[in-house]
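The values are calculated or read from the model by the stated rules, or taken from the named source; none is laboratory data. Remember, it's a predicted structure, so these values are computed and weren't measured experimentally. Cβ atoms come from the backbone with ideal geometry, glycine included; neighbour counts cover every protein chain shown. What goes into the accessible areas is simple: the full protein's heavy atoms, side chains included, and nothing from ligands, DNA or RNA. Shrake-Rupley method; radii C 1.70, N 1.55, O 1.52, S 1.80 Å.
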Amino acid sequence: MTASQRSKTAPGTGASTDGATRGNPPFAPDAAGMQQYLDAWTNAWKSALNAAQQTGGAAQQAPLAGLAANWWPPAGNGAPVNPFAAGNPFAAGNPFAASNPFAAGNPFAAGNPFAAGNPFAAGSPFGAANPFGGANPFEGFKLPTASIEPTRLQHLQAEYSRDALDLLRQATDTTPKAPELKDRRFSSDAWKATPAYAFTAAWYLLNARYLHELVDALDTDAKTRERIRFAVQQWTAAASPSNFLALNPDAQSALLETHGESLRQGVMNLIGDMSRGKISQTDESRFVVGRNLATTEGSVVFENALFQLIQYKPRTATVRERPLLIVPPCINKYYILDLQPENSLVAYALEQGQQVFLVSWHNGDASIADRSWDDYIEEGVLTAIETTRSISEREQINTLGFCVGGTLLATALAVAAARGEHPAASMTLLTAMLDFGDTGVLDVFVDEAHVQMREQTIGGKNGGTPGLMRGVEFANTFSFLRPNDLVWNYVVDNYLKGRTPAPFDLLFWNSDSTSLPGPMYAWYLRNTYLENKLREPGALTVCGEEVDLSRIDVPTFIYGSREDHIVPWRTAYASVPLLSGPLKFVLGASGHIAGVINPASKNKRSFWSVEADAKHLPEEADDWFAVAEEKPGSWWPTWAEWLDQYGGKKVKPRAQAGSAEFPEIEPAPGRYVQQRD
């Protein structure tokens, strides 16, 4: 989906505008302004030319005089409009000028982005030159080392110099032809129509690509490389010319066509987002939970300080006697599983004849700021299991855990098993981690220092006051995992172009995050992401019981998403050797959310599965994939068929929700899910 499809244009920014009909000339900078830009830009490329000559390239000087007219199209009435007059954004101090922060110790100087103050020099990620000046703030800390093998670095430098020289020759041609721009940020005709913008974008893409190639070449441990990669990704995403009004022709056109209205509206959007602490990704005024989201009919039949339990109204004449209890992640609202009628996993399960109960977590506030992981197991998941068993009058129920909900569910069932209790007839784990050996891109945020900081600031360590891990921090963190799609795209649309984001239910849910108690969150960070103890039998004690996942001997359906960057699919598969019961693993296409929410009615994407003895899955994920068969469409019917065999006999549904002990409290979706930060 393109930016134009995601957003609606502010009044007056359409193709046919008041400005155009009133005879205002189209935007066209003048030759003098372009000449200043071209001179500064050419100077910035001297280092690339010198390096190319040293590696055998024949740098030929192309005359620059008179090129400006070829770079900018003339104004419609012959009178150029110069956006760079007086306050020329390309004058000294600009990103291309000699005095800019990348000159001299220029990361692109001599073809080497790390010349002089190499941030990847051996011995320190910041090199010999301390960018902070004065005393080294990292002195006394053991810092990771990173370096690039000289031969490989020289090869990368030579390739960069060659590509830079080719681009410069193309730019200084008598009739410059705009370079091909394959990045969707520069896909509009405005970037291609004017060589100045096209070459600015091409220059940026060349340097961004080179930086990422240098990261790939680093000789260091995997965690350090990924942290450097993440930092470079953030820097290059932020440095895109499309993010700056002076360099974005689309934003400039909107500014002129709306007579400044787009800029005014953009500033208002920025002020509003600053007050909220996050960038708007959708028009949130268009959605109300319970009205056009999470509308599946049901009743809240239990609540305590941590959660509400929802029992949904059956949709079939008969239902399976064993109910299904769904435990969603506690860092997001549950209704990703009940977003709209056509893509609701809850509704789908009901239509398959299942009785469905669901945990709706309390959005953390001061009243539960001191709650621990043990509390979420005992007062959360185990209480939900017991309440569901009581209402349904069944000794065993089927269970499903999604993401962190799966980690909570498996821990709870292991605690129950240690007590000699076996309340589950089956378990489904959707993109859930039990073995945290590979936590994907999230690993860049977790180390001993970070965990200690959380323990001391919000975790109540050493007698400190417990606090909350705010949901907005989760939301912002997940957005920056995909900075171009979930951050800078909206900076450009919302602030530079003054648009209001289009209504999109998934992005509304994405922004509707949940805060967590600090002690619970700090325990989770240390014992799973940092120390990976959950997978080790007896390494953890939860609710007074030693946790041993191998005691969970129930049939288990494990799902992973092939392109998941939060729970890598091989990590989801790593649960296989930890559990003892009959197992089935299914791999879906797409990512963490889109892979899970893939309704059967849409018949989209595909999935992989193995039709074999469930007791003998390979221990290694790649061995499983080698024999797996790809199938078109959704994995939901495969799961429904698997679940049906553990549902017990078919019975008539009860006429009323709850029971005498647990009467209906309020209609679904309940109060807890509607509490926002």
Residue tally, condition surrounded by 15 or more Cβ atoms within 10 Å (Cβ to Cβ) and farther than 17 Å from THR528 by Cβ, over the range 445-457: 1
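When you check ALA522 against the structure, is it of a type in the set (Gly, Ala, Ser) and either surrounded by fewer than 20 Cβ atoms within 10 Å (Cβ to Cβ) or touching a His at 6+ places or on another chain (Cβ under 7 Å) (or both), yes or no?
Values: of a type in the set (Gly, Ala, Ser): yes; either surrounded by fewer than 20 Cβ atoms within 10 Å (Cβ to Cβ) or touching a His at 6+ places or on another chain (Cβ under 7 Å) (or both): no.
The answer is no for ALA522.
Checking the structure you have, find out if any residue of the range 370-393 is closer than 22 Å to MET469 by Cα, over 28 Å from the mean Cα position of the chain (by Cα) and open to solvent by less than 40 Å² (accessible area, probe 1.4 Å). Can you show your working first?
Keep residues of the range 370-393 that are closer than 22 Å to MET469 by Cα, which gives 370-381.
Of the ones still in play, those that are also over 28 Å from the mean Cα position of the chain (by Cα) are 370, 374-375, 378-379.
Remaining after also requiring open to solvent by less than 40 Å² (accessible area, probe 1.4 Å): 375.
Within the range 370-393, one or more residues are closer than 22 Å to MET469 by Cα, over 28 Å from the mean Cα position of the chain (by Cα) and open to solvent by less than 40 Å² (accessible area, probe 1.4 Å).
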Any hit, the range 293-306, residues being open to solvent by less than 10 Å² (accessible area, probe 1.4 Å), among the small types (Gly, Ala, Ser) and farther than 20 Å from THR387 by Cβ: yes
Residue tally, condition assigned to a helix (DSSP H, G or I), at negative phi and either surrounded by 18 or more Cβ atoms within 10 Å (Cβ to Cβ) or over 25 Å from the mean Cα position of the chain (by Cα) (or both), over the range 458-473: 2
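For the range 394-418, how many residues are under 33 Å from the mean Cα position of the chain (by Cα) and surrounded by fewer than 18 Cβ atoms within 10 Å (Cβ to Cβ)?
Of the range 394-418, the ones under 33 Å from the mean Cα position of the chain (by Cα) are 398-415.
Subsequent filtering for residues that are surrounded by fewer than 18 Cβ atoms within 10 Å (Cβ to Cβ) retains none.
Residues in the range 394-418 being under 33 Å from the mean Cα position of the chain (by Cα) and surrounded by fewer than 18 Cβ atoms within 10 Å (Cβ to Cβ): 0 in total.
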Selection status of ALA196, assigned to a helix (DSSP H, G or I), modelled with pLDDT under 95 and either in contact with a strand residue (DSSP E or B) (Cβ under 9 Å, 6 or more places away or on another chain) or more than 14 Å from SER161 (Cα to Cα) (or both): yes
All helices (runs of 4 or more DSSP H) inside the range 553-666 with 3 or more residues being open to solvent by 40 Å² or more (accessible area, probe 1.4 Å): 621-627, 636-644
Residues (surrounded by fewer than 21 Cβ atoms within 10 Å (Cβ to Cβ) and closer than 28 Å to SER590 by Cα) located in the range 530-552: LEU530, ASN532, ARG535
Hey, PHE287 buried (at least 17 other Cβ atoms within 10 Å of the Cβ), touching a strand residue (DSSP E or B) at 6+ places or on another chain (Cβ under 7 Å) and not acidic (Asp, Glu) or not: yes
In the range 510-548, the residues that are touching a strand residue (DSSP E or B) at 6+ places or on another chain (Cβ under 7 Å) and either in a helix (DSSP H, G or I) or not β-branched (Val, Ile, Thr) (or both): SER513, SER515, LEU516, PRO517, GLY518, TYR521, GLY538
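Among the residues of the range 211-241, write down those that are among the aliphatic types (A, V, I, L, M) and touching a residue at least 12 places away in the same chain (Cβ under 8 Å). Walk me through how you get there before you give the answer.
The initial filter retains those residues of the range 211-241 that are among the aliphatic types (A, V, I, L, M), namely 211, 214-215, 217-218, 222, 228, 231-232, 237-239.
Those that are among the aliphatic types (A, V, I, L, M) and touching a residue at least 12 places away in the same chain (Cβ under 8 Å): LEU211, LEU214, VAL215, ALA217, LEU218, ILE228, VAL232, ALA237, ALA238, ALA239.
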LEU270 open to solvent by 60 Å² or more (accessible area, probe 1.4 Å) and either under 15 Å from ASN484 (Cα atoms) or touching a residue at least 12 places away in the same chain (Cβ under 8 Å) (or both): yes
Residue count for the range 498-540, restricted to those that are of a type in the set (S, T, N, Q) and touching an Asp or Glu at 6+ places or on another chain (Cβ under 9 Å): 6
Test result for ASP250, in contact (Cβ under 8 Å) with a residue 12 or more places away in the chain, among the acidic types (Asp, Glu), more than 26 Å from SER161 (Cα to Cα) and open to solvent by less than 50 Å² (accessible area, probe 1.4 Å): yes
ALA475 being closer than 23 Å to GLY364 by Cα and out of contact with any Phe, Trp or Tyr (no Cβ under 6 Å at 6 or more places or on another chain): yes
Candidate set from the range 320-360 (those that are acidic (Asp, Glu) and in contact (Cβ under 8 Å) with a residue 40 or more places away in the chain); member that is surrounded by the fewest Cβ atoms within 10 Å (Cβ to Cβ): GLU342
Hits in the range 282-340 - residues which are aliphatic (A, V, I, L, M) and closer than 23 Å to GLY595 by Cβ: LEU293, ALA294, LEU324, LEU325, ILE326, VAL327, ILE331, ILE336, LEU337, LEU339
Which listed residue, of PRO503, PRO537, PRO483, is touching a residue at least 60 places away in the same chain (Cβ under 8 Å) and over 21 Å from GLN675 (Cα atoms): PRO483
Matching option when the condition is touching a helix residue (DSSP H, G or I) at 6+ places or on another chain (Cβ under 6 Å), assigned to a helix (DSSP H, G or I) and open to solvent by 10 Å² or more (accessible area, probe 1.4 Å), among ASN494, ASN489: ASN489
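I'd like the full set of residues that are open to solvent by 30 Å² or more (accessible area, probe 1.4 Å) and not acidic (Asp, Glu), limited to the range 419-442.
In the first step, residues of the range 419-442 are kept if they are open to solvent by 30 Å² or more (accessible area, probe 1.4 Å); the result is 419-422, 437-438, 441.
Of everything in the range 419-442, those that are open to solvent by 30 Å² or more (accessible area, probe 1.4 Å) and not acidic (Asp, Glu) turn out to be ARG419, GLY420, HIS422, GLY437, VAL441.
Restricting attention to the range 404-423, does a residue exist that is part of a strand (DSSP E or B) and at negative phi?
As a first pass, look at the range 404-423 and keep what is part of a strand (DSSP E or B): none.
Within the range 404-423 (the criterion being part of a strand (DSSP E or B) and at negative phi), the answer is no, since none of the residues qualifies.
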